[in-house]
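Undergrad: Following this message is one structure expressed as structure tokens.
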Number of protein chains: 2
Amino acid sequence: MAIIVQKYGGSSVADADRIKNVAGRIGRTQERGDQVVAVVSAMGDTTDHLIELAHKISAAPAPREMDLLLSTGELVSCALVAMALQQGGRPAVSLSGGQAGIRTDAAHTRARISGLDPGRIHRELDQGNIVIVAGFQGVTDGADVTTLGRGASDLTAVALAIGLKAQRCEIYTDVEGIYTADPRLVPQARKLKEIGFEEMLELANYGAKMQPRSIELAAAYNMPVLVCSSFVEAPGTLIHGGTAMENRNKVAGVAADRNVAKITVLGVPDRPGIAASLFEPLAKVGVSVDTIVQNSSVERLTDLTFTVTRTDAKRALEVVEPVAKSIGAKGCVSAQDLAKVSVVGTGMQNAPGYAAAMFRALYEAGINIEMITTSEIRITCIVNEAKVPEAVRALHTAFQLDKE
Amino acid sequence: MAIIVQKYGGSSVADADRIKNVAGRIGRTQERGDQVVAVVSAMGDTTDHLIELAHKISAAPAPREMDLLLSTGELVSCALVAMALQQGGRPAVSLSGGQAGIRTDAAHTRARISGLDPGRIHRELDQGNIVIVAGFQGVTDGADVTTLGRGASDLTAVALAIGLKAQRCEIYTDVEGIYTADPRLVPQARKLKEIGFEEMLELANYGAKMQPRSIELAAAYNMPVLVCSSFVEAPGTLIHGGTAMENRNKVAGVAADRNVAKITVLGVPDRPGIAASLFEPLAKVGVSVDTIVQNSSVERLTDLTFTVTRTDAKRALEVVEPVAKSIGAKGCVSAQDLAKVSVVGTGMQNAPGYAAAMFRALYEAGINIEMITTSEIRITCIVNEAKVPEAVRALHTAFQLDKE
């Protein structure tokens, strides 16, 4: 008898009917003879509503209190899913992150899992129970509730799958799997049967739907992850570390991320230590800087441009402007209306020509490239947000993803 | 430095503005130089909404899952109150029932407090924190969340006050204190400065606003309880066990409870063991029977009438009807539209004439008495629900509660 860990996202448990549907699906998995642990997210927009409520009370709510508040969303859905299973005659038990044995550090609102004590889950499974676990949360050694960051129910599921030595981790969501591109943008986009961890990580970081930390974790322990729909019965996409990859020799997919803002520090004196003096204060306030480009120019002055998420843009500018002044830069400008489009594929490693093909495809579609950044298996261009649909379609065709 | 335990009910924390108001009140208590522990209920109708949600999923949700679900309401409000205090510059910490050290038995949805480990609360208080505790909940020795029954945030507050050796327990609510009668029914009703535990217990059981178990507990440990308004600044009513009671020699108040249904088993053979055979099955399904009246008649047949809450009426009838048949009774009839009106006062002990005065007052108001039940310090008449306002007013006047 194998253990299967499943995860159901917020849209899959958004109301009573969907919860019953999820319970049916969990039940059918058990009928196939496996032990089932299901991780659930908060119902629909619950987390957003709780955040809104907190901000009505405090401009900067304490992270510890925020965690206690937000953790309730997942407790509600996990109790309800267990009830739905019991109503269908299936023994089930709902567990909070803490009860499920998920220990974390005390970095509230973005805690890291420090350990897993699977004793309680094993006991419940051995008694014939289906175990429903509240995602996104754990407890510190001091018994305080923590949350693991937005979208971290995926992480809970992968961590439990690893800790329980599950056969695989199944992520149920509102899409049918991982596509060669967003099907809303590219009608010809195809669902992938399988994809490698590394490729998935690049896709997830650049717009596809799965929390990147959970993919890193799955990759580290080689835990296969199946992404599939909780609404329709259809084979999903298996993310794994195997070698028989269908996309071994080509681009796996095209990703887009619209949450991009750009800040340019103009006329930076080109001397050592300048970059550190700009980026250290940003790190201190927790702003993640993504692409950084430095344009050399005459007179030992350069323009230094970097991207951040739009949510962080205002804070980043507040931090950078005084620093720019103090180092004698000419000023700062920012732009909000940017996006990243990326092509991803292990096939690009050590194979020349992919970047050139990408730039040509965008050029022929009349799209201006603002910045470029690459990894071993990814090429990303930063373009105007309005151009995203055209860019993704052009790349999907250029890299022959339209056909099987 | 004394410890004060306060409790704020659901209407006191129903929205962000009220939560800020509660935080202000808690803060002012601390400013007076005391350590403050505040117990909060779920916001407004949260608990009802959660129950509704559960019933959309399951006709009979498992009590264990129900507890995990319902406990979230208090977690939300306790996190928000702590945030509001912090926003006002006051160090505060929010604790779940389990974190606050409230241990219970495993009787889910109606757990009893089995012990209190006040270590964490003392540590937080000693660090200068105001401690906000989620009411109505605790944990079992197996770390499962339990709830203590409807209205049990009062019980949480009293138990913490006792366990922390607090100076007193303050219950903040949407009324200004305990009145000689419901002011909505009796305009002349007066707020009592003080009342004895026993009298309060009878009033609470018969309609006044405080959870009876919490009064029993306060009485057992002689913990003074102040009931007052969370909306207006006004002296409340002190419930205590002292002897200098203003109402020593008279009726303290008139209470009414509209949640009464009556079931009559007709033509019961009058032989030993019959009562047990009727009431044991009711106890088994958890139906609490209140007043029981047996009318003897000729032919060794009696009519046996008892009252239950309206919520339990349907279930009680389902249990009693087959039993009635099996013991050869003639049938069952039930009525939903009943209410209890009670006069309460330690002054009634060993003093004749109160019952007669009550019956006369109701008679003169043209109100028919359906059943009568008494305790040492209470006389209760069951009357038609529609007659409650007239009955309460008539009794308030008859026992001279209109005047100071």
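Coordinate-derived values only; no laboratory data. What you see is a predicted model; the values in this text were computed from it and never measured. Using ideal geometry, Cβ is built from the backbone for each residue, glycine included, and neighbour counts are taken over all protein chains shown.
Undergrad: Residues with beta-carbon under 13 Å from that of B:G163, excluding B:G163: net charge, scoring Lys, Arg +1 and Asp, Glu -1? Write down the numbers at each step before the final one.
TA: Numbers: positive: B:R103, B:R120, B:K165; negative: B:D117.
Summing Lys and Arg as +1 and Asp and Glu as -1 gives +2.
Undergrad: Ok, one more. Based on DSSP loop calls and a cut-off of at most 11 other Cβ atoms within 10 Å, the longest stretch of chain A free of exposed trypsin sites (Lys or Arg not before Pro) is what? Mind showing how you got there, number by number?
TA: Details: sites that count: A:R32, A:K165, A:R184, A:K403.
The answer is A:185-402.
Undergrad: Let me ask something else about it. If I model a spin label at A:E233 and B:D141 as a point 7 Å from the Cα along the Cα→Cβ vector, what separation in nanometres do I get?
TA: Result for the modelled spin labels: 4.7 nm.
Undergrad: Quick check: convex hull of the Cα atoms in the protein assembly as shown, volume per residue, rounded to a whole Å³?
TA: Working: hull volume 160.0 nm³, N = 808.
Once divided by residue count, the hull of the protein assembly as shown is 198 Å³.
Undergrad: Right, here's the next one. Assuming a viscosity of 1.306 mPa s and a temperature of 10 °C, what translational diffusion coefficient in µm² per second does Stokes-Einstein assign to the stretch B:1-72, Rh being the Kirkwood radius over Cα pairs? Walk me through the intermediate numbers first.
TA: Numbers: Rh = 14.0 Å.
Reported coefficient: 113 µm²/s.
Undergrad: Related question: Find the percent of Cα-Cα distances in the stretch B:162-225 that exceed 18 Å, and round it to a whole number. Don't skip to the answer; put the middle values down first.
TA: Values: 723 of 2016 pairs.
So the pairs more than 18 Å apart make up 36 percent of the total in the stretch B:162-225.
Undergrad: Further, regarding this structure: Note the full-extension length gain between A:K403 and A:R32 as 0.36 nm times their separation in residues minus their Cα-Cα distance, in nm to one decimal. Present the calculation step by step, with values, prior to reporting the outcome.
TA: On the way: separation 371, 0.36 × 371 = 133.56 nm, distance 3.48 nm.
Contour length minus Cα-Cα distance gives 130.1 nm.
Undergrad: Same structure again: Could you tell me how many degrees, from 0 to 90 and to the nearest 10, lie between the Cα long axis of helix B:212-221 and the main elongation axis, the longest principal axis, of the Cα atoms of chain B?
TA: It works out to around 70 degrees.
Undergrad: Mean-square fluctuation check for chain A, GNM, Cα pairs under 10 Å: which of A:I327, A:I178, A:I263 is largest?
TA: Judging by the Gaussian network model, the answer is A:I327.
Undergrad: Filter the GluC sites (Glu not before Pro) in the stretch B:286-389 down to the DSSP loop ones having no more than 15 other Cβ atoms within 10 Å, then list what survives. Provide the component values of the computation, followed by the final result.
TA: Working: sites: B:E299, B:E318, B:E364, B:E370, B:E376, B:E385; in loops: B:E370, B:E376.
Counting only loop positions with at most 15 other Cβ atoms within 10 Å, the GluC sites (Glu not before Pro) in the stretch B:286-389 are B:E376.
Undergrad: Roughly how many Å is it from the Cα centre of the stretch B:150-171 to that of the stretch A:326-376, as a whole number?
TA: The stretch B:150-171 and the stretch A:326-376 have Cα centres spaced 62 Å from each other.
Undergrad: Follow-up question, since we're still on this one. Most fluctuating residue of A:G241, A:G328, A:G98 in a GNM of chain A with Cα springs under 10 Å: which is it?
TA: Looking only at A:G241, A:G328, A:G98, the largest GNM fluctuation is found for A:G328.
Undergrad: On a C-alpha basis, how far is the centre of the stretch A:26-51 from the centre of the stretch A:209-235 in Å? Whole number, if you could?
TA: Cα centroid to Cα centroid, the span is 14 Å.
Undergrad: Could you state the principal axis extents of the C-alpha atoms in the stretch B:255-398, from the largest down, to the nearest angstrom?
TA: For the stretch B:255-398, the Cα spread along each principal axis is 48, 31, 27 Å.
Undergrad: Tell me the Kirkwood hydrodynamic radius of the stretch B:3-174 in angstroms, computed as one over the mean inverse distance between distinct C-alpha pairs. All intermediate terms of the calculation are to be shown ahead of the outcome.
TA: Values: mean 1/r = 0.0637 Å⁻¹.
This gives a value of 15.7 Å.
Undergrad: Per Stokes-Einstein, at 20 °C and 1.002 mPa s, what whole-number D in µm² s⁻¹ belongs to chain A, with the Kirkwood radius over Cα pairs as the hydrodynamic radius? Write down the numbers at each step before the final one.
TA: Numbers: Rh = 22.7 Å.
D, rounded to a whole number, is 94 µm²/s.
Undergrad: I've got another one for you. Dimensions of the stretch A:76-222 along principal axes (Cα, Å, largest first)?
TA: Extents along the principal axes: 46, 39, 26 Å.
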